[in-house]
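Reviewing the structure listed below.
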Amino acid sequence: MKKQNRIIMGIAALLLAGVFVFPIWSIKLDAPQYPEGIGLNIRVNTIEGKSPQDLQNINGLNHYIGMQEIHPDSIPELKIMPPVFAAFIITGLVIALWGKRRWVAVWLALFVLLALVGLADFWLWEYDYGHNLDPDAAIKVPGMTYQPPLIGTKQLLNMRTTSMPHIGFFLAMCSMGLAALAWWRER
């Protein structure tokens, strides 16, 4: 590979370090009882409230409708993802130094596969939380489920729920785009 394309590939790998700094996904809840809104930031290794009490408040609200509490320590994906992203950073840098175009394609294909599996897993996680409800919950609305949207906004009872990618996700997409650019420029 040409020196410029190796540099682009190296930058693509280093951009993934952003997922360790910024949230990957964000879920915001707006309701009359929370005029400023409450929400969650999903990071590569944890889920935390946008404000210090938000996770506790969301777990409290979820209790009334029978949703499971969110305990970041019990979610295996949050333990698996940091070493997976670290491996992508290291292998991306090795490929940039090695300079073999074919391995850029392999790295990129695996990264795209990881992104698709991650989105599907997140949707399944939301589905489980929104559909697997405690039958003894205080508030039961026949036929109502509480799955937040994967991307976008949805009204759930008196809560307006918005789920969107965050900075870490966009940095990962930029990484993917730069790796594709490095591969394409070597044709």
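Filter segment 122-139 down to the residues that are surrounded by fewer than 13 Cβ atoms within 10 Å (Cβ to Cβ) and either without any contact (Cβ under 8 Å) to a residue 40 or more places away in the chain or assigned to a helix (DSSP H, G or I) (or both) and list them by number.
Leu124, Asp128, His131
Yes or no: Phe85 more than 30 Å from Asp30 (Cα to Cα), under 16 Å from the mean Cα position of the chain (by Cα) and at pLDDT 95 or above?
Spelling it out, Phe85 is indeed more than 30 Å from Asp30 (Cα to Cα), under 16 Å from the mean Cα position of the chain (by Cα) and at pLDDT 95 or above.
Looking at (1) loosely packed, with under 15 Cβ neighbours inside 10 Å; (2) touching a residue at least 40 places away in the same chain (Cβ under 8 Å); (3) under 30 Å from Ile7 (Cα atoms); (4) among the charged types (D, E, K, R), find the lone condition where Arg102 falls short.
Arg102 satisfies every listed condition except (2).
Name the pairs whose Cβ atoms lie under 7 Å apart, with the first residue in segment 1-20 and more than 19 Å from Leu114 (Cβ to Cβ) and of a type in the set (Lys, Arg), the second open to solvent by less than 90 Å² (accessible area, probe 1.4 Å) and part of a helix (DSSP H, G or I), and 6 or more positions between them or separate chains?
Listed pairs, sorted by first residue: Arg6/Ala96.
When only residues in segment 140-161 that are out of contact with any helix residue (DSSP H, G or I) (no Cβ under 6 Å at 6 or more places or on another chain) and among the aliphatic types (A, V, I, L, M) count, which is surrounded by the most Cβ atoms within 10 Å (Cβ to Cβ)?
Taking the candidates together, the pick is Met159.
Is there any pair linking a residue in segment 140-154 that is under 14 Å from Trp125 (Cα atoms) and assigned to a loop (DSSP other than H, G, I, E, B) to one that is of a type in the set (Lys, Arg) and open to solvent by 60 Å² or more (accessible area, probe 1.4 Å), with Cβ under 7 Å and at least six apart or on different chains, and which?
Final answer for the pair search is Pro148/Lys154.
Taking Phe85 as meeting all but one of (1) in contact with a Lys or Arg (Cβ under 8 Å, 6 or more places away or on another chain); (2) in a helix (DSSP H, G or I), write down the number of the exception.
Condition (1) is where Phe85 drops out.
Does segment 19-64 hold any residues that are aliphatic (A, V, I, L, M) and either within 15 Å of Ile75 (Cβ to Cβ) or open to solvent by 50 Å² or more (accessible area, probe 1.4 Å) (or both), and which are they?
Once the filter is applied, which keeps residues that are aliphatic (A, V, I, L, M) and either within 15 Å of Ile75 (Cβ to Cβ) or open to solvent by 50 Å² or more (accessible area, probe 1.4 Å) (or both), segment 19-64 yields Val21, Ile24, Ile27, Leu40, Ile42, Val44, Ile47, Leu55, Ile58.
Starting from segment 159-187, take each residue that is of a type in the set (D, E, K, R) and list its partners that are open to solvent by 70 Å² or more (accessible area, probe 1.4 Å), counting only C-beta distances under 9 angstrom and pairs at least six apart or across chains.
Cβ pairs passing all conditions: Arg160/Lys28; Arg160/Thr153; Arg160/Lys154; Arg185/Lys2; Arg185/Gln4; Glu186/Lys2; Glu186/Arg101; Arg187/Arg101.
The values are calculated or read from the model by the stated rules, or taken from the named source; none is laboratory data. This structure is a prediction, so every number in the text was calculated from the model and none was measured. With ideal geometry, Cβ positions are generated from the backbone for all residues, glycine too; neighbour counts draw on all protein chains shown. Each accessible area value is taken on the protein alone, full model and side chains, heavy atoms only, with ligands, DNA and RNA left out. Shrake-Rupley method; radii C 1.70, N 1.55, O 1.52, S 1.80 Å.
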